[in-house]
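S.K.: Below is a structure I'd like to ask you about.
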Amino acid sequence: MEFSRKVFVTGVSGAGKTTLAKHLSASTHKLYLSYDDLYNYHLSTTAEGMIEQPVSAHHANSIEWEKWGTEQSDDQIDAHILLGMASERVYELINKEGEYVIDAVPAANAPDLLKFDEYLKKNKDCSIIVVKCKQESWLNRPNQIISQHYPEKKEKFKKMYDDFYYGFIDTWQSKWKNDMNFYFYNSDDSTFCNSKEELYDRT
């Protein structure tokens, strides 16, 4: 399977995206970039503490996300400025490197969605690989195992899973289907699917 020069591997935490990203990096001889090592989570946490609900990428899409800042309070604007700053190192490297595999799509909030859209206008040789597994198998993986003992946490994890695959992914595919290639990977059986519909049917 041929991939673009710049590959973004995405999925919920624990779905297997980092494992796949490292494998693709080795097999295609592309640089591996760790999103967690580059993203400033301290700034992100500070920003999220300033307002009750930062504008997420898929919610921003439904409210004319290009104008997301025009109807926000001062605290919301300041928080989203911090969110934009949190990803500066990520964008510095993906703009610098010619070929790479990174284990995330840096577009999880409104400011980064805008930045990623601008990035795609200048960089057409990009692919997104969506990594998904069955929700129950995901909930039983080590980093979600705590949810088995706390029903309220289990429901929170389920919502996060659904929001990602039926919110973010739908938004990204609708927005960028003409700008980049989308691939779909089932981490339960380590196989690529022919479409999102096939992946979702199987998981």
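Just so it is clear, none of the values below were taken in a lab; they were calculated from the coordinates. Since the model is a prediction, treat every value here as computed from it, not as a measurement. As a convention, Cβ positions derive from the backbone with ideal geometry for all residues, glycine included, and neighbour counts pool all protein chains shown.
S.K.: So for each of 37-47, 112-122 I average, over its residues, the number of other beta carbons within 10 Å; can you give me the resulting order with the highest mean first?
M.R.: 112-122, 37-47
S.K.: Let me ask you something else. List, in order, the whole-Hz ³J(HN,Hα) value for each residue of region 82-92 obtained from phi through the Karplus relation with A = 6.51, B = -1.76, C = 1.60 and θ = phi - 60°; use x for Gly and Pro.
M.R.: 5, 4, x, 5, 4, 9, 4, 5, 4, 6, 4
S.K.: Give, as ranges by residue number, the residues of region 1-30 whose backbone N falls under 17 Å from the point 7 Å along Cα→Cβ of Glu97.
M.R.: Once the point is set 7 Å along Cα→Cβ of Glu97, 3-11, 17-30 turn out to lie under 17 Å by backbone N, inside region 1-30.
S.K.: For Tyr200 and Arg5, what is the calculated FRET efficiency with R₀ set at 25 Å and r taken between the beta-carbons, to the nearest 0.05?
M.R.: Step by step, r from the Cβ atoms, then E = 0.35.
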